[in-house]
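These notes are about the structure you will find just below.
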Amino acid sequence: MARDLLQLTGRSRPATTFTTKDHIMTKIGFIGLGIMGAPMAAHLQAGGHKLYLHDFKNPPPSLIERGATVCTSAAEVAKRADIIITMVPDTPDVDNALFGVNGVAAGLSAGKIVVDMSSISPMETKIFAGKINALDCAYLDAPVSGGEVGAKAATLTIMVGGPEDAFNIVKPLFDLMGKNITLVGGNGDGQTTKVANQIIVALTIQAVAEALLFASKAGADPAKVRQALMGGFAASRILEVHGERMIKRTFNPGFRIGLHQKDLNLALQGARTLGVALPNTANVQELMNACAANGMSGLDHSALCHAIELMSNHAIAQAE
């Protein structure tokens, strides 16, 4: 690990690692310990790594009880860790975590790796990467898909942009948090992939909602319709998980509507910059906006069905 970190920068400063009988224990900084970040950090800790934590709220006690160190700032995290992971809600949050007062950049020294696992702007990501590279550190953008369920089960899909040598160093850590891990290309390409993912997810949620509402209004049992569809070409993870949520009316957030709004805004902003048309993405964003306007931004994004139900004056199912 130490030799690999040095090769990233050509510097002679030794990286800090702890060698155990079975593996090398890396000092990992983790900034952002919310619905997604907390279980992801727990998997890294369970993998035998030393954690340095920072969050606007108190980090989960379970991580501290198992030996994680709480830091007073992102800069302190960067000083004490070799690999620093950020997992925060939006582009401005990453900007602040990295470059704000007492941010990560203030604590970096040459040879370290910064990994942003948030879902943010691909264009801003390239700027962030350039600033980190100027400090003789490597940068990976590595957004995830799979929601709270995937974070807890360590089955996240991780889409990575950045240099291959840094990816190879961090890959064992990604393996502790996810199952489908792909180096897509250079910095920004991971975030571009996540935006594409969010387009597909949103449009599929809309399709599932419309299909189940149609079936319900026609008098069929939406639960049995879903069961039948799961055996055919329309089968999908979203029909399986979110279709069940729509039928059982369980909308506790795994991934909030407000966050999906943010991701679709990134898609539409990017479309304007690139000069491409995303008409269905614009449409589903308006449905998200309608839900948010009716006080639903904190619900799971499967609650998108509420907007279609309001327009149709019919609910897919009644709460049990």
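Using a 1.4 Å probe on the protein heavy atoms, what percent of the accessible area of the range 173-261 belongs to carbon and sulfur?
Numbers: 2450 of 4240 Å².
With neighbouring chains kept in place, the figure for the range 173-261 is 58 percent.
Evaluating 6.51 cos²θ - 1.76 cosθ + 1.60 at θ = phi - 60° for every residue in the range 156-161, the Karplus couplings come out as 4, 8, 10, 10, 10, x Hz, glycine and proline recorded as x. Between the alpha-carbon centres of the range 82-152 and the range 272-301 there is a gap of 26 Å. Leaving out same-chain residues fewer than 8 places away, which lysines sit with a Cα under 18 Å from that of K217? Cα-Cα hits under 18 Å: K248.
Take the range 32-72 with all the other protein chains still there, run a 1.4 Å probe, and you get 48 Å² of accessible area per residue.
Please check the chain for the longest run free of chymotrypsin sites (Phe, Trp or Tyr not before Pro) that are loop-located per DSSP (anything but H, G, I, E, B) and have at most 15 other Cβ atoms within 10 Å. Show your work: numbers first, answer last.
Working: sites that count: F56, F233.
My reading of the result: 57-232 is the longest stretch.
Helix content alone sets the calculated 222 nm mean residue ellipticity of the chain: runs of n ≥ 4 DSSP H residues at -39500 (n - 2.57) each, divided across all residues, give -15500 deg cm²/dmol. Just G29, G161, G254 to compare: in a GNM of the chain, with alpha carbon springs under 10 Å, which one fluctuates most? Evaluated over the chain, the most mobile residue of the options is G254. Taking a ≥ b ≥ c as the square roots of the eigenvalues of the alpha-carbon gyration tensor, the range 250-320 is classed prolate because a/c is 1.5 or more and a/b outweighs b/c. Candidate cross-link partners of K27 among the lysines, defined by an alpha-carbon separation under 29 Å and a same-chain spacing of 8 or more, comprise K50, K57, K79, K112, K126, K131, K152, K171, K179, K194. Take every Cα pair under 8 Å whose residues are at least 6 apart in sequence, average their separation, divide by the length of the range 118-274, and the relative contact order is 22 percent. Couplings 3J(HN,Hα) of the range 218-233, computed from phi: 6, x, 7, 7, x, 5, 6, 4, 4, 4, 5, 5, 5, x, x, 5 Hz, in residue order, whole Hz [Karplus 6.51 cos²θ - 1.76 cosθ + 1.60, θ = phi - 60°; x for Gly and Pro].
The values are calculated or read from the model by the stated rules, or taken from the named source; none is laboratory data. All figures in this text were calculated on a predicted structure; none of them were measured in a lab. We place every Cβ from the backbone using ideal geometry, glycine too, and count neighbours over all the protein chains shown. Only protein heavy atoms, including side chains, enter the accessible area calculation; ligands, DNA and RNA are left aside. Shrake-Rupley method; radii C 1.70, N 1.55, O 1.52, S 1.80 Å.
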